[in-house]
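Down below is the structure, laid out as structure tokens.
The values are calculated or read from the model by the stated rules, or taken from the named source; none is laboratory data. Computed from a predicted structure; not experimentally measured. Every residue, glycine as well, gets a Cβ built from its backbone with ideal geometry; the counts of neighbours run over all protein chains shown. The accessibility values were calculated without ligands, DNA or RNA, using every heavy atom of the protein model including side chains. Shrake-Rupley method; radii C 1.70, N 1.55, O 1.52, S 1.80 Å.
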Amino acid sequence: MKKLTRFTDFTVKQIQQLCAIPSPSGFTAEVREYLRKQFTEMSLPVTESNKGSVIIDLGGKGNPLVLAAHVDTLGAMVRSIKGNGRLRMTQVGGYPFNYIETENCLVHTRTGKVFDGTIMLVNPASHVNRKAGSTERTDETMEVVLDEKVFDKNDVKKLGINAGDFISFNPRTVVTKSGYIKSRHLDDKASAAVLIALAKYILKEKALLTRKVYLLFTTYEEVGHGGSSGIPEDALEMISVDMGAVGDDLETDEHKVSICAKDSSGPYDYDITNSLIKIAKEKKLQYAVDIYPFYGSDVSGTLRAGYDIRHGLIG
């Protein structure tokens, strides 16, 4: 039990550290460097694809398996600078704008400067705007208010902020006394942390792998093509380790392992899905098999890119 607690504590710490690193899709240099550092300290071979996926060779022989998680997150970019010094946004990844309303954010310029801001509805005060509650939240009605004394477009440009700069959201990570983790970007930094802890466990406990295993950390999953490249040439199977969706018409909840049988890309490999169910039963895990009609994973992108692999998805 002490051994498991030690690795659980390590995993939670990794989640906290990963969530603290801004990494919207396309802005992932810092989180990639963090991964390289973690695995270099474990003396594991680390390579990086041209597109920025980080690949770890865990060892083992035969029947190569890839376990994939993504470290890019939802975010935004500066679409334009308004005449009044506010910023219009464009989304990075698919999410409703109301999910980020009143969120603190950072604007990352291409020269390395970082500025604080807040994401607000245009004319947000209900005391003066009777339609504040009913206004549709879009990129036209939402904006970034900078925490700087700026009054027009020229003031903002003098700071070095321009169209195309990235915007990251405050993760607000909290670990409660009861052991729950609340944060933005648990999709998919929680899974990435689990894979880092898995590598540490295998090394510390000298666990013998019964097959070849790679870890793959992708950086463009939220925009649909994270797993489309960087797959080891000898890979035969790939399992995406991603978020488990909770909602109506689903069997899973926050305490179960989710095994996805089908998502927007179609059914997952029949035999791999059966194997995952069998393992969950043998290990007496709380699990559920579900279908996510609007979901797509890294391995979905891998298949669209033409890789001939068997595929699965857990969350």
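Of the residues making up the stretch 47-67, those that are in contact with a strand residue (DSSP E or B) (Cβ under 6 Å, 6 or more places away or on another chain), part of a loop (DSSP other than H, G, I, E, B) and farther than 21 Å from PHE27 by Cα number 1.
Can you name the residue in the stretch 56-76 that is within 17 Å of the chain's Cα centre (by Cα) and open to solvent by 20 Å² or more (accessible area, probe 1.4 Å) and is also farthest from PHE166 (Cα to Cα) among such residues? Outline the logic, then answer.
At the first step, the residues of the stretch 56-76 found to be within 17 Å of the chain's Cα centre (by Cα) are 67-76.
In the following step, the residues that additionally are open to solvent by 20 Å² or more (accessible area, probe 1.4 Å) were identified as 67, 74.
Details: LEU67: 29, LEU74: 11 Å.
Per the criteria, the residue is LEU67.
Checked across the stretch 107-114, the condition of being surrounded by fewer than 15 Cβ atoms within 10 Å (Cβ to Cβ) and over 25 Å from THR219 (Cα atoms) holds for no residue.
The one condition from (1) free of Cβ contacts under 8 Å to residues at least 12 places away in the same chain; (2) under 14 Å from ILE231 (Cα atoms); (3) exposed (fewer than 15 other Cβ atoms within 10 Å of the Cβ) that ASN50 does not meet is (1). Within the stretch 153-195, the residues that satisfy the criterion of being part of a loop (DSSP other than H, G, I, E, B) and either charged (D, E, K, R) or open to solvent by 70 Å² or more (accessible area, probe 1.4 Å) (or both) are ASP165, ARG172, LYS177, SER178, TYR180, ARG184. Restricting attention to the stretch 294-307, does a residue exist that is without any contact (Cβ under 8 Å) to a residue 24 or more places away in the chain and either among the polar types (S, T, N, Q) or surrounded by fewer than 15 Cβ atoms within 10 Å (Cβ to Cβ) (or both)? Yes; the residues of the stretch 294-307 include at least one that is without any contact (Cβ under 8 Å) to a residue 24 or more places away in the chain and either among the polar types (S, T, N, Q) or surrounded by fewer than 15 Cβ atoms within 10 Å (Cβ to Cβ) (or both). The sole residue among SER134, SER126 that is modelled with pLDDT under 95 and not hydrophobic (A, V, I, L, M, F, W, C) is SER126.
Just to be sure before I move on: is PHE151 out of contact with any Asp or Glu (no Cβ under 7 Å at 6 or more places or on another chain), aromatic (Phe, Trp, Tyr) and at pLDDT 95 or above in the structure I sent? Give the derivation first.
Numbers: out of contact with any Asp or Glu (no Cβ under 7 Å at 6 or more places or on another chain): yes; aromatic (Phe, Trp, Tyr): yes; at pLDDT 95 or above: yes.
For PHE151, the condition - out of contact with any Asp or Glu (no Cβ under 7 Å at 6 or more places or on another chain), aromatic (Phe, Trp, Tyr) and at pLDDT 95 or above - is met.
Within the stretch 18-47, being buried (at least 16 other Cβ atoms within 10 Å of the Cβ) and of a type in the set (S, T, N, Q) holds for SER23, SER25, THR28, GLN38. Restrict the check to the stretch 100-107 and report whether at least one residue is of a type outside the set (A, V, I, L, M, F, W, C), under 21 Å from ILE239 (Cα atoms) and in contact with a Ser or Thr (Cβ under 9 Å, 6 or more places away or on another chain). Checked the stretch 100-107: no residue is of a type outside the set (A, V, I, L, M, F, W, C), under 21 Å from ILE239 (Cα atoms) and in contact with a Ser or Thr (Cβ under 9 Å, 6 or more places away or on another chain).
Among the candidates LEU208, LEU198, single out the residue that is out of contact with any Asp or Glu (no Cβ under 8 Å at 6 or more places or on another chain), of a type outside the set (Ser, Thr, Tyr), at pLDDT below 95 and open to solvent by 30 Å² or more (accessible area, probe 1.4 Å). Reasoning before the result, please.
Details: LEU198 fails: at pLDDT below 95.
Step by step, each of LEU208, LEU198 is checked, and only LEU208 is out of contact with any Asp or Glu (no Cβ under 8 Å at 6 or more places or on another chain), of a type outside the set (Ser, Thr, Tyr), at pLDDT below 95 and open to solvent by 30 Å² or more (accessible area, probe 1.4 Å).
Is it true that some residue in the stretch 9-27 is among the polar types (S, T, N, Q), in contact with a Lys or Arg (Cβ under 7 Å, 6 or more places away or on another chain) and not in a helix (DSSP H, G or I)? Step through it out loud before you land on a result.
First, pick out the residues of the stretch 9-27 that are among the polar types (S, T, N, Q): 11, 14, 16-17, 23, 25.
Pick out the ones that are also in contact with a Lys or Arg (Cβ under 7 Å, 6 or more places away or on another chain) and you get none.
Looking for residues that are among the polar types (S, T, N, Q), in contact with a Lys or Arg (Cβ under 7 Å, 6 or more places away or on another chain) and not in a helix (DSSP H, G or I), one finds none in the stretch 9-27, hence no.
Scanning the stretch 69-98 for residues that are in contact with a strand residue (DSSP E or B) (Cβ under 9 Å, 6 or more places away or on another chain) and of a type in the set (Phe, Trp, Tyr) yields one hit, PHE97. Just a yes or no: is a residue in the stretch 212-219 within 27 Å of PHE294 (Cα to Cα), among the hydroxyl-bearing types (Ser, Thr, Tyr) and either surrounded by fewer than 21 Cβ atoms within 10 Å (Cβ to Cβ) or in contact with a strand residue (DSSP E or B) (Cβ under 8 Å, 6 or more places away or on another chain) (or both)? Checking the stretch 212-219: at least one residue is within 27 Å of PHE294 (Cα to Cα), among the hydroxyl-bearing types (Ser, Thr, Tyr) and either surrounded by fewer than 21 Cβ atoms within 10 Å (Cβ to Cβ) or in contact with a strand residue (DSSP E or B) (Cβ under 8 Å, 6 or more places away or on another chain) (or both).
Does the stretch 120-152 hold any residues that are farther than 21 Å from PHE166 by Cβ, out of contact with any Gly (no Cβ under 8 Å at 6 or more places or on another chain) and open to solvent by 70 Å² or more (accessible area, probe 1.4 Å), and which are they? Reasoning before the result, please.
Of the residues in the stretch 120-152, the ones farther than 21 Å from PHE166 by Cβ are 121-136, 141, 149, 151-152.
If we keep only those that are out of contact with any Gly (no Cβ under 8 Å at 6 or more places or on another chain) too, we end up with 121-125, 127-136, 141, 149.
Listed by number, the residues that qualify are ASN123, HIS127, VAL128, ARG130, LYS131, GLY133, SER134, GLU136, LYS149.
Based on this model, can you work out whether VAL174 counts as farther than 24 Å from GLY26 by Cβ and in contact with a Phe, Trp or Tyr (Cβ under 9 Å, 6 or more places away or on another chain)? Yes.
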